[in-house]
Amino acid sequence: MKGIAHFASGLAVASFVHGVVADAERGGLLIALGGAAAMLPDFLDFRFARFLERRDADIAPDAQTPDPQALADALAREIALARQGAPRTVQLHPTRVSTVEWVLYQVRFDVPRGEVVVTLNGREARAAVGALEYGYDGALEIIELGGPSLKFIALPNGTVRIEFLPWHRVWSHSLVLAVVLGLVLGALLNPTAGVVAALGMAIHILEDQLGFMGSNLFWPLTRARTEGLRLWHAGDPAPNMATVWLSLTLLLFNLDRARFVPLLDPLPYLAFVVALPVVGLLAYHFQRRWRAWRVGLEDAVAQRQREAVSEFEAQ
């Protein structure tokens, strides 16, 4: 989810806590605390955790003769090193050629074939890497602002697990940490503030669990991220819009309920203002995913047919 979606969710969940809306009427900031706590996990990651990451290798294209095969081979070497010993963390970079010109590329892991695929300037290169375990969906775009880091970890069965952004959604995205935050703020401020902060942080963590990457839900009790439900990517527009709409309409509903004489009729409001637009946005999202899956399936079938024809003609 995008930051605005998490912030709106934090405001909404805070409004369900007894006493928060009344506090807001008196000019209090407890409801804002919910939004701030919902922003905290990503703030910790993007302002601190990413800069503490220790990398074993940096991979970037040559500025003069950018070659996708060289990039694919470099990634294959790092995976081979991880398979032979300790985990390897690799940072992917673009290369700056001039003030406005960059060498950009795309990386994809073809798990069924056991290959890494790099596309640069319309040219595709592949390198064999063996058995892979990779939970993130789609190609990785290495753009002007930089590319992601990847961690390669050898498993006992010989497979290499690939962790996308190994510094992200680890200790900062822990429900245990959310409870600790609630206890600390509850002791320093008041119990209501503690509940609001814990729920705000927890709603962020649970929303992220709907995506592909997942989170380390119980750090420090666990050391690995729990796989996400793979329903959507963090940047998908429809789920983000649905989350913001749901959060703000529920917030408005809770504010109205606190009035001496509420103005909103609950059933029509919840059905047609809250639920219907959210269902429509999510239906649109899943329809697009279904179409993309069908197109991808058709492309895969066509590719296999072309390969079969090529192999037959080569005999």
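Bear in mind that the values in this text are calculations on the coordinates, not laboratory data. Every value quoted in this text rests on a predicted model; they were computed, and no experiment measured them. Cβ placement follows ideal geometry from the backbone for every residue including glycine, while neighbour counts extend to all protein chains displayed.
As a test of the formula, what do you get for the chain when each DSSP H run with n ≥ 4 contributes -39,500 (n - 2.57) and the sum is divided by the residue count, at 222 nm and rounded to the nearest 500 deg cm²/dmol? If you can, show how the numbers build up before the last one.
Numbers: 8 runs with 143 residues, N = 315.
Rounded to the nearest 500, it is -15500 deg cm²/dmol.
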query = If you count, for each residue, the other Cβ atoms within 10 Å and average over each peptide, how do 149-160, 236-247 line up from highest to lowest?
reply = 236-247, 149-160
query = Can you tell which of Leu145, Gly130, Ala70 lies farthest toward the positive end of the dipole of the range 57-164, using +1 and -1 charges on the Cβ of basic and acidic side chains (Lys, Arg; Asp, Glu)?
reply = Gly130
query = Which far-off residues, 5 or more places away or on another chain, put their amide H under 5 Å from the one on Leu132, with H placed in the peptide plane?
reply = Val160
query = In the range 1-53, what trypsin sites (Lys or Arg not before Pro) fall in a loop by DSSP, with at most 14 other Cβ atoms inside 10 Å?
reply = Arg26
message = Give me the dipole magnitude in Debye, nearest 20, for the range 57-164 about the Cα centre, with unit charges on the beta carbon: positive for Lys and Arg, negative for Asp and Glu.
response = 320 debye
task = Once you have the Cα-Cα distance between Glu133 and Asp110, take 0.36 nm times their residue separation minus that, and quote the gain in nm to one decimal.
result = 7.3 nm
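Defining a contact as two alpha carbons under 8 Å apart and six or more residues distant in sequence, what relative contact order in percent does the range 57-164 show?
Details: 239 pairs, mean separation 32.3, N = 108.
Dividing the mean separation by the residue count of the range 57-164 yields 30 percent.
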note = Residues other than Gly35 with Cβ under 15 Å of its Cβ, Lys/Arg counted +1 and Asp/Glu -1, net out at -2
ask   = How far apart, in nm, are two points set 7 Å out from the Cα along the Cα-to-Cβ line at Gln69 and at His233?
value = 2.9 nm
